[in-house]
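What follows is a set of notes on a single structure, which appears directly below.
The values are calculated or read from the model by the stated rules, or taken from the named source; none is laboratory data. In this text the structure is predicted, and so the values were computed from the model without any measurement. We place every Cβ from the backbone using ideal geometry, glycine too, and count neighbours over all the protein chains shown.
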Amino acid sequence: MQNKYQSVRPIFDPIRPHVFIETYGCQMNVSDSEVVLSILQDAGYSLCDNIDEASLVLINTCAVRDNAEQRILGRLDVFRLAKKKNHALKVGVLGCMAERLKEELLSHPVVDLVVGPDAYRDLPKLLAAISADGKQINTILSHEETYADISPVRMDKYSVSAYISIMRGCNNICSYCVVPYTRGAERSRDPQTILREAKDLFENGYKEITLLGQNVDSYFWKNSDSAKDINFAQLIEQVALIDPSIRVRFSTSHPKDISDELLHTIAAHDNICKHIHLPVQSGSNAMLEKMNRKHTREWYLSRIKTIRRIIPGCAITTDVIVGFCSESEQDHQDTLSLFREVGFDSAFMFQYSERPGTKAAKHFPDDVPPEVKTARLNEIIALQNTLSLESNRRDVGKCFEVLIEGPSKRSDKDMVGRTSQNKTCVFKDNGFKVGEYVKVRVVDCSSATLLCEVI
Ligand code: SAH
Ligand code: SF4
Ligand code: F3S
């Protein structure tokens, strides 16, 4: 692709010290790594994509499940080998696992630096101090930090879509979840800085913006003039109004907070994507109560009904946890039946993983045997595959506008793109360009993809 993304591309300069950044976890972490790169570029670093060229390796980590952390510990072993080749190489651990483990991670033989999600502005100072005084750590959480004034440097050079963090932290304290402890209290970012960032992305050729937060529905910016207070529905509308050709997505919504006002705003704007990710976590009221989700099965189902009434054709996806503390076979059946009742378009499905320090870890035994968790996970995955296929079959014969993302991995004669509903479409490459919109008709499907003809 041409140089239309130039102004937001990382600067590569052979003279500067090189940093290699690896990112794990959710979209918030991807967005944070872009903030980190911006801070480091200002401090004289240049991004490289080969660890052998780096003088600094940063790994932005996730702590949400034990297997996420195990994977990162495995990567630290790989960095140990890189350090053997290059004795000057420094290794820093960022993100949620850094925040959770603090000094424990700093004592790891490979690690020189531990920095939590709210302390990235301190990186240049900490890096300078490593050379003088050895290992450095800052895991102080903040009530104000939103990195509002920092222009993130996008790492995926050829993407047409970009994330904008609109808030940080979480106040919900779901009993299984480590995020409120690793990312601190919820705070919203100044809407003017969000709009400026969105306009800048649009001017640089981006076609899709995803507004990010752990609970976007509780976004709220208080102004000195209360008439100018702004909630999430108003914010997303302002982003959508930047230009009708830019698509706007958002993640994640919470069933207890998603408002009718937001649903009407989504319905009113063609360029706000017709897809809501609404994590349910369980279909059993007993589990939801124990999870401290503050919504019931009935409430969730009533929100789904309202979404379908206000936004016909809206895709609905979810997250679910199987095998939470003392989950019975009946609780599990309730989750399966909720899945059938809603007919999710897709879902992220997880086995419960106990996280130290959470309410659940303190109060409820993790007593569902691993083999039962696995069996339940397999069962829900099998069900969701059927539901995804049914959802895709309902689209066969229908027409959609697709935003082209790039060549298909399977065949260079095909291109892929996504519908407003976030479904992946494959279609013949008639000389299209990435970032263009094309009208397609669905002719066939699998559970993961819509096969389309261009119209
Ligand atoms: N803020 C978002 C997402 C948080 S983490 C939300 O509330 O929806 C993403 C998903 O990881 C959660 O939705 C949940 O399904 C899953 N998750 C969180 N903690 C978990 C744990 N201890 N074990 C297994 N899955 C977990
Ligand atoms: Fe975790 Fe719940 Fe907050 Fe989501 S809403 S980040 S699951 S505490
Ligand atoms: Fe995201 Fe993982 Fe942290 S899901 S918020 S990176 S614990």
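If the condition is being of a type outside the set (V, I, T), in a loop (DSSP other than H, G, I, E, B) and without any contact (Cβ under 8 Å) to a residue 60 or more places away in the chain, then segment 129-158 contributes G134, K135, L141, S142, H143, E144, E145, A148, D149, D156.
Of V110, V114, all but one fail to be surrounded by fewer than 24 Cβ atoms within 10 Å (Cβ to Cβ) and outside the structural domain of T182 (by TED's automatic domain parsing); the exception is V110. Scanning segment 342-354 for residues that are over 19 Å from V372 (Cα atoms) and not hydroxyl-bearing (S, T, Y) returns V342, G343, F344, D345, A347. Checked against the criterion of being within 16 Å of ligand 2 (Cβ to nearest atom) and either farther than 28 Å from L40 by Cα or modelled with pLDDT of 95 or more (or both), the candidates S226, S165, S142, S245 yield just one match: S165. Considering (1) buried (at least 16 other Cβ atoms within 10 Å of the Cβ); (2) in contact with a Ser or Thr (Cβ under 6 Å, 6 or more places away or on another chain), the lone condition that F232 does not fulfil carries the number (2). Taking segment 253-277 as the range and being surrounded by fewer than 22 Cβ atoms within 10 Å (Cβ to Cβ), out of contact with any Asp or Glu (no Cβ under 7 Å at 6 or more places or on another chain) and farther than 21 Å from V402 by Cα as the test, the residues that pass are K256, D260, E261, L263, H264. Scanning segment 299-327 for residues that are more than 22 Å from L389 (Cβ to Cβ) and without any contact (Cβ under 8 Å) to a residue 12 or more places away in the chain yields S302, K305, R309. Out of T335, T318, report the one residue that is near ligand 1 (Cβ under 9 Å from one of its atoms), at pLDDT 95 or above and of a type in the set (S, T, Y). Result of the check over T335, T318: T318. Residue count for segment 318-348 under the criterion of being surrounded by fewer than 20 Cβ atoms within 10 Å (Cβ to Cβ) and within 16 Å of ligand 2 (Cβ to nearest atom): the result is 3. Of T358, T449, which residue is within 30 Å of I173 (Cβ to Cβ), among the polar types (S, T, N, Q), touching a residue at least 40 places away in the same chain (Cβ under 8 Å) and surrounded by 14 or more Cβ atoms within 10 Å (Cβ to Cβ)? The match here is T358.
Taking the condition at pLDDT 95 or above and touching a helix residue (DSSP H, G or I) at 6+ places or on another chain (Cβ under 6 Å), does L387 pass? Answer is no for this residue. Where helices (runs of 4 or more DSSP H) fall wholly inside segment 175-248, the ranges with 3 or more residues that are touching a residue at least 12 places away in the same chain (Cβ under 8 Å) and within 16 Å of ligand 1 (Cβ to nearest atom) are 179-183.
Screening I307 on (1) more than 16 Å from ligand 2 (Cβ to nearest atom); (2) in a helix (DSSP H, G or I); (3) more than 24 Å from the chain's Cα centre (by Cα) shows it passes everything except condition (3).
Condition first: of a type in the set (K, R) and either under 27 Å from V320 (Cα atoms) or assigned by TED's automatic domain parsing to the domain that holds M28 (or both). Now tell me which residues in segment 162-219 satisfy that. Before the answer, list the steps.
Keep residues of segment 162-219 that are of a type in the set (K, R), which gives 168, 183, 187, 189, 196, 199, 207.
Of everything in segment 162-219, those that are of a type in the set (K, R) and either under 27 Å from V320 (Cα atoms) or assigned by TED's automatic domain parsing to the domain that holds M28 (or both) turn out to be R168, R183, R187.
A Cβ distance below 9 Å, combined with a sequence gap of six or more or placement on separate chains, defines the contacts here; from segment 23-39, residues that are within 15 Å of ligand 1 (Cβ to nearest atom) reach residues that are at pLDDT below 95 and not in a helix (DSSP H, G or I) in the pairs V30/M155; V30/D156.
The set of residues in segment 165-209 being within 22 Å of C62 (Cα to Cα), touching a Phe, Trp or Tyr at 6+ places or on another chain (Cβ under 7 Å) and either within 14 Å of ligand 3 (Cβ to nearest atom) or of a type in the set (D, E) (or both) consists of M167, Y176.
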